[in-house]
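Comments concern the structure below.
The values are calculated or read from the model by the stated rules, or taken from the named source; none is laboratory data. As the structure is a computational prediction, the values presented were derived from the model and not from experiment. Quick reminder, even Gly has a Cβ in these numbers, built from the backbone with ideal geometry, and neighbours come from all protein chains shown.
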Amino acid sequence: MFWIGAMIYVEAFAGFIKAFYDYAAAPADKTAQDGIYRLSRNPMYFFYFLGMAGVCVASASLWLLIAIVPFAIYNHLVVLGEERYCERAYGQEYLKYKRKTPRYFLFF
């Protein structure tokens, strides 16, 4: 289980770095929509949570896996708040992006 979890973590870390880079490359007055942001509106949150799940698998800890559930719920609520902010800040541009891009890759 350790190696499976370690591979999940490494993939999540690489995805997080890519998302961070793509976010930094976006113009300051526009929402990030290029790179990995074409596939997900919230890739940093997704990969951060996936990395945590990888640590849980690597450690073979059911308790850690259970402990990240409230964290995932809290992060989802944060994302919902950020999306409301983006709707106000970026208007129609963000609403169009929101319609064509899933929140968490293939989910939602």
For region 80-108: of the residues being aromatic (F, W, Y) and in contact with a helix residue (DSSP H, G or I) (Cβ under 7 Å, 6 or more places away or on another chain), which is modelled with the lowest pLDDT? F105
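Can you tell which of I17, I36 is closer than 24 Å to C86 by Cα, among the aliphatic types (A, V, I, L, M) and in contact with an Asp or Glu (Cβ under 6 Å, 6 or more places away or on another chain)? Please lay out each step first, then the result.
On the way: I17 fails: in contact with an Asp or Glu (Cβ under 6 Å, 6 or more places away or on another chain).
Being closer than 24 Å to C86 by Cα, among the aliphatic types (A, V, I, L, M) and in contact with an Asp or Glu (Cβ under 6 Å, 6 or more places away or on another chain) holds for just one of I17, I36, which is I36.
Test Y94 against the stated conditions and say whether it is of a type in the set (F, W, Y), in a helix (DSSP H, G or I) and over 30 Å from M1 (Cβ atoms). Give the steps one after another, and end with the answer.
On the way: of a type in the set (F, W, Y): yes; in a helix (DSSP H, G or I): yes; over 30 Å from M1 (Cβ atoms): yes.
When the stated conditions are applied, Y94 passes them.
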List pairs: first in region 60-81 and farther than 16 Å from N42 by Cα, second loosely packed, with under 12 Cβ neighbours inside 10 Å, Cβ under 8 Å, 6+ apart or cross-chain? A60/M1; A60/F2
Return the residues of region 10-46 that are more than 14 Å from the chain's Cα centre (by Cα) and assigned to a helix (DSSP H, G or I); say none if nothing qualifies. V10, A24, A25
